[in-house]
Amino acid sequence: MADLEAFRSETRAWLEANCPAEMREPVRDESDIYWGGRRATFKNDAQKAWLEACVAKGYTVPSWPKAYGGAGLSPAEAKVLREEMGRIGARPPLSSFGIWMLGPALLHFGTEGQKQRFLNEIARGEIRWCQGYSEPGSGSDLVSLQTFGEDKGESWVVNGQKIWTSYADHADWIFCLVRTDKADKYQGITFMLFDMASEGVTTKPILLISGNSPFCETFFDDVQVPKSYGDDCPAYVGQINRGWDVAKYLLGHEREMISGADGGDRTAGIGAAMKRHAAKLGDDLDPVLRAELAMFDVDALAYTAMGEKFLDEIKVGKAHPAQPNMMKYAGTELNKRRHEMMMAVGGSRALEWESDATEGGKPSRSWLRTKANSIEGGTSEVMLNVIAKRILDLPGA
Amino acid sequence: MPLYHNEDQAMLADTARGFIAEEGNIARQLRHWRDRNCKDGFGHGLWKQMAEMGFTGMLVDEADGGLGMGHVEAGIVLEEIGRNLTPSPFLTSSVLAATALKHGSDDLKGRYLPGLIAGDSVFAVAIDETAKHRPSRIATRAEKSGNGFKLSGSKSFVIQGASSDMIVVAARTSGGDEDADGITLFAVPKDASGMSHEVVRLVDSSMATHTRFDAVELDGDAVIGEIDGGRAVLDAMLLAGRVGAAAEGVGVARGAMDMTVDYLKQRKQFGKLIGEFQALQHRASHLYSEVEIARAVTIKAQQLLDAGAPSAELMASVAKAKVAKTARLAVQEGVQMHGGIGMTDEYDIGLYMKRDRALAEFLGDAHFHANRVATLSGY
Ligand SMILES: Cc1cc2nc3c(=O)[nH]c(=O)nc-3n(C[C@H](O)[C@H](O)[C@H](O)COP(=O)(O)OP(=O)(O)OC[C@H]3O[C@@H](n4cnc5c(N)ncnc54)[C@H](O)[C@@H]3O)c2cc1C
Ligand SMILES: Cc1cc2nc3c(=O)[nH]c(=O)nc-3n(C[C@H](O)[C@H](O)[C@H](O)COP(=O)(O)OP(=O)(O)OC[C@H]3O[C@@H](n4cnc5c(N)ncnc54)[C@H](O)[C@@H]3O)c2cc1C
């Protein structure tokens, strides 16, 4: 305990010295987030300085081992760091699918060679990944995927199409589910890693209802994927044909991330802030709206406690392995409701699609974006199926 | 503090679960006493057994002969009471009245606590004066008279009022009905003359009273805490009671949910187990999520209260409201998914619905507490 308190004051001092004031402002839009990668540019010097300071300290991936670019923090220390960053409103120095999804999978299934190479690049923000899971005919029923890799001995030749590939057009590499055995549905999928600059890879952006276009259709036309990138560094994670295990493990992390269980601001009560917001707009809360906000805050504050409990239990292995599905379900449904409430308080002002007052229609665009929360990473219905089957043990589920 | 039970607490939970499932189950207690039209609505034998288990005095300080445990521990017992719908004076006596008595004089403690700890005494609390929980409004008056007071007014829905050896009464010693100050708490003994009870059986088979105080003469040493300064004690008592009621509600919700999920695995229609129908699976999964969340915030509230954190107030109301909403969902889905049999008296699921209705109302329903959440949050 005394050690943790020492770590807290150390961290506080370090943040004070290293986190620039500009990086303590709330993230306003996409351009405030640094995703890293070969083609990344910094929005300003502060963003660059903040990333570099964190990379040097291992704080882009604080709980990863030091050998792979992390700080090797214990869960308790990582929690202190999160709390201290939260306290000053520090932005994450680096956001990436490498950190949230691929990294944990590599830590669990990767070879030493893969860890050395990819984890360090991810931790330093030098590589940007995208996730090639979904296909036009394979969304919730992911295991039905058809993208095929023909075994050519030293390499595969991959053909097929992915869809909803977030940021595929900005990504350097893809972690991709490819069928390598047509005879076995579950044990015929390989989890491959390859360069998006490979010949035969093309992407086409998809425009969303929010007006943004973070997704792509991704096409593979005779893409050559070598089986190895060198000594102890295969191009596939886990075993050939056993990629489904890796895929599921990674989905668990994706769901946790989307659930907001890590204590992101989306899980706090909003009533008080909404009253202030209404006052700024020269209005007050209707009694019925106030009542709805209060009921929402009850649910939101209760969910915050659940998030805390979930993380505490995960640390000591007490959580049910399917619990992330429940967190994802409850957290995303709550976040959608949160944005419905914010739109209601914002009134007509929240309808502005392009205006300075709304920083480019932020309320309405965010509101629309949250509708994806209960779809991406597995839909709410699929989460409920998993709870029924794995937690409640209902028949035939 | 991590939001799960430590080793000692987990052990207590095991013990409490086994004991209450065995001795406090529905057939043995709730149905047994109800079917005999018992005037108390609960069994004194079980209360005595709970004393032998050390439960009755768990919130009483060690110096006063209790176990000096916290609200996490009391919550463990309450959750099992809720799960088994065990009629028991635990919440009113061991949580509410015991919390009030913490603020009492040594004399008062000496008079009442040994009986509580031994399971010989039962206490009630008399706060509300109307059909809804409105502790901000107290009209019952206590006027100075000689060395003591004369208590006049009435209290409604005093749970186990007629069965109690002592009732903690919140009365006004000065000011107007809606004033925060001017409240005094009294420990009113069973045999105080001028006190009359109209006994009513409630939907959940518990017994309540509308109690009238007709110039009831009380000694000065019946005062718990300070004269005119009782609001703080009242608030502390309510806080403990709300967190306790939330824990019991979690038990009710879990009990109803477990029964229902079991039923889904047994009942066949259309040639299938009804648990195979996705329409029911999804609702069951949603219910499970809500129950987990309600339980998490209840543990949070218990821990904050034990730590003496100022935020316990807010979290207690969050917990009480969340649990009320969740237990309601659990019993409604429970009866519905049981189909016609859920409407029968023979099946237990309906008993959960009745208990939920009464428990949710006790010390403020979901609306009352959501309103408090808004007020405490500044809107
Ligand atoms: C913002 C966003 C980002 C995404 N990013 C990526 C990405 O980077 N990489 C990637 O590979 N994919 C990504 N996806 C795709 C995402 O994983 C899929 O959209 C998701 O798995 C659902 O598949 P689907 O869209 O094909 O819907 P469908 O599977 O067609 O589902 C349609 C509806 O039917 C319901 N349904 C389907 N099956 C069942 C069932 N068994 N029981 C009950 N209901 C069912 C669903 O819940 C849904 O409501 C992203 C999606 C979004 C919205
Ligand atoms: C007060 C009362 C009066 C009644 N009066 C009469 C009467 O006079 N005459 C008479 O003949 N009957 C009477 N009934 C019986 C009534 O018609 C049945 O209770 C009703 O048809 C439901 O059947 P069940 O109770 O067997 O429930 P079940 O069929 O066992 O259903 C249990 C649960 O499973 C759900 N379920 C079942 N199948 C499916 C499915 N395929 N998909 C999704 N969910 C499913 C149900 O909706 C329910 O929630 C009465 C019932 C009640 C409660």
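Please treat every number below as a calculation from the coordinates, not as lab data. Given the structure is predicted, the values throughout are model-derived calculations rather than measurements. Methodologically, a virtual Cβ is constructed for each residue, glycine included, from the backbone with ideal geometry; neighbour enumeration extends over all protein chains shown.
Membrane-span-like helices in chain B (whole DSSP H runs, Cα extent of at least 20 Å along the helix axis, mean Kyte-Doolittle hydropathy of at least -1.0): B:7-23, B:231-264, B:278-306, B:312-338.
When only Cα pairs below 8 angstrom with a gap of at least 6 residues are kept, region B:253-379 shows a relative contact order of 28 percent.
At a Förster distance of 45 Å, what's the computed FRET efficiency of B:R17 paired with A:D45, Cβ-Cβ distance as r, to 0.05? For R0 = 45 Å, the calculated efficiency reads 0.15.
Each residue of chain A gets 154 Å³ once the volume of the Cα convex hull is shared out per residue. Compared with the direct C-alpha span, the chain from A:L207 to A:K318 gains 35.8 nm at full extension, assuming 0.36 nm per residue.
Counting, for every residue in B:323-329, the Cβ atoms of other protein chains within 10 Å of its Cβ and taking the mean gives 1. Averaged over peptide A:271-280, the number of partner chain Cβ atoms lying within 10 Å of each residue's Cβ comes to 2. For chain A, a crude dipole built from +1 on the beta carbon of Lys and Arg and -1 on the beta carbon of Asp and Glu, taken about the Cα centre, is about 440 debye to the nearest 20.
Report, in whole Å, the centroid distance computed from the Cα atoms of region A:353-381 and region B:173-216. Answer, in whole Å: 54.
Ranked by the mean number of other Cβ atoms within 10 Å of their residues, highest first, the peptides B:55-61, B:29-35, B:116-122 come out as B:55-61, B:116-122, B:29-35. Legend: ranking of residues B:M195, B:M1 from fewest to most surrounding C-beta atoms inside 10 Å; resulting order B:M1, B:M195.
Across peptide B:138-148, the average count of Cβ atoms from other chains found within 10 Å of a residue's Cβ is 0. Dividing the summed -39500 (n - 2.57) terms of all DSSP H runs of n ≥ 4 by the residue count of chain B sets its mean residue ellipticity at 222 nm at -15500 deg cm²/dmol. Sorted fewest first by neighbouring Cβ atoms within 10 angstrom, A:K162, A:K328, B:K268, B:K109 come out as B:K268, B:K109, A:K162, A:K328. For region A:51-100 versus region B:21-68, the inter-centroid distance based on Cα atoms is 51 Å. Remark: C-alpha extents of chain B on the principal axes read 78, 48, 38 Å, sorted largest to smallest.
The Rg/Rh ratio for region B:258-326 is 1.23, where Rg is the radius of gyration of the alpha carbons and Rh is the Kirkwood radius. Around the Cα centre of region B:1-154, unit charges on the Cβ atoms of Lys, Arg, Asp and Glu (plus for the first two, minus for the last two) sum to a dipole of about 960 debye. Under the criterion of Cα pairs below 8 Å and six or more residues apart, the relative contact order for region A:200-319 equals 17 percent.
What shape does region B:1-130 take by its C-alpha gyration tensor, where a ≥ b ≥ c are the square roots of the eigenvalues and a/c under 1.5 counts as rounded, a/b above b/c as prolate, and the rest as oblate? Judged from the Cα gyration tensor, region B:1-130 comes out oblate (a/c at least 1.5, b/c at or above a/b). Give the relative contact order (percent, whole number) for chain B; include only Cα pairs under 8 Å separated by 6+ residues. Value for chain B: 16 percent. Residue exposure proxy: A:W173, A:W35, A:W353, ordered by other Cβ atoms within 10 angstrom of their Cβ from fewest to most, comes out as A:W353, A:W35, A:W173.
The modelled label-to-label distance for the pair B:L67/A:S166, using points 7 Å beyond Cα in the direction of Cβ, is 4.7 nm.
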